[in-house]
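One structure below.
Each value in this text was obtained by applying a stated rule to the coordinates, not by laboratory testing. All values reported here derive from a predicted model rather than from experimental measurement. Positions of Cβ are generated from backbone atoms using ideal geometry, with glycine treated the same way; all protein chains shown enter the neighbour counts.
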């Protein structure tokens, strides 16, 4: 299958570069576009709308420390970035609309292979709600 638009779900950790590298590799091979999404779920849904940092680079929907981390991912990618969505709430709930509106056909996310992820898997929640193909990349801690 030829994926045209890849969406990468990022966390605020250095391990997200593994996901970015995978997306760039696939996009270069397939001629795909890449977008990022980061949803901060720590405080619930403070802002219902997503901010696109590509269109609004001076926006600050999260605290400055989080924004610095997210901007570093934008600087890291070695491929044109179509969109960079940032928001609050539940990632799985935001994905359905975003994927349809942006015509995304592949979601890349990470899965930590640690003790806590064996008990509580956020990836499983995404898999159950995502309307497109998902590439789950193992993140070894």
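Over all pairs of different C-alpha atoms, the stretch 36-90 has a mean inverse distance whose reciprocal, the Kirkwood radius, equals 11.4 Å.
Extension gain for residue 18 to residue 93 (0.36 nm times residue separation, less C-alpha to C-alpha distance): 24.6 nm.
Taking each DSSP H run with n ≥ 4 as -39500 (n - 2.57) and averaging over every residue of the chain yields -11000 deg cm²/dmol at 222 nm. Taken over the Cα atoms of the chain, the convex hull encloses 110 Å³ per residue. Given the C-alpha centroids of the stretch 18-42 and the stretch 72-96, what is the distance between them in whole angstrom? Here the two parts' Cα centres lie 8 Å apart. With the simple spin-label model, which puts each label point 7 Å out from Cα in the Cβ direction, the residue 72 to residue 30 separation comes to 2.8 nm. Sequence-distant contacts, meaning Cα pairs under 8 Å at least 6 residues apart, place the relative contact order of the chain at 30 percent.
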